[in-house]
1. Of everything in segment 68-103 that's closer than 25 Å to Gln131 by Cα and among the polar types (S, T, N, Q), which residue is surrounded by the most Cβ atoms within 10 Å (Cβ to Cβ)?
2. Pull up segment 144-167, narrow it to residues that are at pLDDT below 90 and assigned to a loop (DSSP other than H, G, I, E, B), then point me to the one that is surrounded by the most Cβ atoms within 10 Å (Cβ to Cβ).
Amino acid sequence: MHGTESPSPWIQRWTHLIPAGGAVLDVACGYGRHMRWLSQRGHRVTGVDRSPEAVAAVAHLGEALLADIENGPWPFADRTFAGVVVTNYLWRPLWPSILDCVAPGGVLVYETFAAGHESVGRPTRPDFLLQPGELLQACHGLRVVAFEDGFLDEPARFVQRIAAVRPKPGQEQPRYALDPGPPARRQSP
């Protein structure tokens with residue numbers, strides 16, 4: 001069941017880029033594995049999902065919104081977040097709305113299935129699989145800190161994943177730590 005497993009190592013690796021205490025949106029949050037992870041690190045979390053059971057399960061973590069984001073209006077049109085997290089979810093028509101939710105200085109951390117995955121499991125439909133470099137192209141205008149497009153063994157899957165920051169206007173060249181080090185050394189950008 002999506003959201004009950006451990007947080008994605010990709011999300012865990014790039015959480016340090018989200019400004020301390022900043023609000024984070026988890027798109028298609030499922031049963032809240034990333035909402036829990038981020039809440040435990042002091043972030044105010046908002047999750048959105050179309051499953052009433054999933055939304056009920058995460059309501060205690062923060063704001064939980066029941067919405068069919070593929071067939072209804074985007075519920076965050078007037079909001080921005082310090083972090084936006086998306087995993088195992090792809091609906092290309094939402095990309096502009098998702099990217100608009102990343103505040104200046106905010107971070108997008110995204111990981112989902114890529115072409116080739118049909119050879120090892122579901123999803124198999126091309127509509128749900130990113131083409132080579134597609135996620136990188138979708139994030140044009142953001143400062144890409146990390147991008148991967150390839151195969152992972154455990155569990156077997158083809159993925160694309162990105163960590164990207166929306167620059168603040170007029171900000172000098174910030175330093176985005178690729179290895180955050182021990183918790184005592186971590187600093188937000």
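1. Looking at residues that are closer than 25 Å to Gln131 by Cα and among the polar types (S, T, N, Q), I get Thr87.
2. Ala156
The values are calculated or read from the model by the stated rules, or taken from the named source; none is laboratory data. Not measured: the values here are computed from a predicted model. For neighbour counting, all protein chains shown are included, and Cβ atoms are generated from backbone atoms with ideal geometry for every residue, glycine included.
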